[in-house]
Amino acid sequence: MAKTYESILPAHEAFITRQRVFFVGSAPLSEEGNVNISPKGYDSFRILSTNEVAYLDLTGSGNETSAHITENGRMTIMFMAFEGAPMILRLYGRAEVILPNTSEWHELAPHFDMLPGARQIIRAKIDTVKTSCGFSIPFYTYEGERDTLVQWTNNKSDEEIKAYRKKKNTHSMDGILTPIGKQVQK
């Protein structure tokens with residue numbers, strides 16, 4: 001049965017901290033735009049308070065979430081149990097992008113073990129927490145983290161990473177400018 005809450009309860013926090021992967025959903029304002037669902041891994045998610053969370057976002061082949069939340073702020077984060085009792089937990093709220101070398105970055109960065117390729121922190125104010133059964137989600141066993149992204153990043157110079165982000169992370173696939181794109185234009 002689905003249940004709705006106004007904040008993250010201790011049982012929710014315990015569930016979230018056991019999960020090894022989460023998914024981020026966002027969409028542009030345009031109805032012709034693409035809805036984005038992005039999987040996230042590593043130890044990159046933090047609960048800052050009962051109504052505030054953040055995750056360390058790493059360099060990737062796109063930057064859809066950043067573009068969408070810069071345009072309209074809307075974001076959903078979903079966790080689901082692959083082991084143990086079934087459950088799906090969604091956090092609904094409004095998010096913002098925090099770039100390196102800003103006061104907000106320096107405030108939030110100590111919450112994370114900085115991973116190679118960290119490009120931004122996404123912080124969200126949560127207004128609704130929703131749990132549902134997850135009865136149809138299969139069991140999967142965690143075998144370990146993939147190190148492919150870390151290796152890829154470690155094999156690039158700072159200049160190569162900047163060039164990659166300029167090419168791949170400045171606009172969404174719908175053409176929305178990201179904060180990285182705004183920074184590159186300066």
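Name every residue in region 39-57 that is buried (at least 21 other Cβ atoms within 10 Å of the Cβ) and more than 9 Å from the chain's Cα centre (by Cα), in order of residue number.
Result: V53, single match.
Residues of region 58-77 being in contact (Cβ under 8 Å) with a residue 60 or more places away in the chain, farther than 13 Å from A118 by Cα and over 11 Å from the mean Cα position of the chain (by Cα), which ones?
Those that are in contact (Cβ under 8 Å) with a residue 60 or more places away in the chain, farther than 13 Å from A118 by Cα and over 11 Å from the mean Cα position of the chain (by Cα): S61, G62, A67, H68, T70, E71.
Does region 129-138 include one or more residues that are farther than 17 Å from V21 by Cα and within 17 Å of the chain's Cα centre (by Cα)?
Taking every residue of region 129-138 in turn, at least one turns out to be farther than 17 Å from V21 by Cα and within 17 Å of the chain's Cα centre (by Cα).
Pairs only if they're at least six apart or on different chains, beta carbon under 6 angstrom, first in region 121-142 and closer than 15 Å to V24 by Cβ, second modelled with pLDDT of 95 or more and of a type in the set (V, I, T); list them, first residue then second.
From residues that are closer than 15 Å to V24 by Cβ, the pairs are I121/I98; R123/I98; A124/V53.
Give me the pairs: first residue in region 39-57 and under 14 Å from A118 (Cβ atoms), second residue polar (S, T, N, Q) and buried (at least 21 other Cβ atoms within 10 Å of the Cβ), beta-carbon distance under 6 Å, and six or more apart or on different chains, which are they?
These pairs meet every condition: D57/Q120.
Does Q151 satisfy the criteria of being touching a Leu at 6+ places or on another chain (Cβ under 7 Å) and not aromatic (F, W, Y)?
Criteria not met by Q151.
Provide a single number: the residues in region 59-80 that are touching a strand residue (DSSP E or B) at 6+ places or on another chain (Cβ under 6 Å) and of a type in the set (G, A, S).
Final tally of qualifying residues: 2.
Restricting attention to strands (runs of 3 or more DSSP E) lying wholly within region 26-65, give those where 2 or more residues are of a type in the set (D, E) and under 23 Å from E107 (Cβ atoms).
Output list reads 52-58.
Being surrounded by 15 or more Cβ atoms within 10 Å (Cβ to Cβ), closer than 22 Å to A118 by Cα and of a type outside the set (G, A, S) is the filter here, so list the residues in region 22-38 that pass it.
Selection gives F22, V24, N36.
The values are calculated or read from the model by the stated rules, or taken from the named source; none is laboratory data. Quick caveat, the model's predicted, so the values are computed rather than measured. Every residue, glycine as well, gets a Cβ built from its backbone with ideal geometry; the counts of neighbours run over all protein chains shown.
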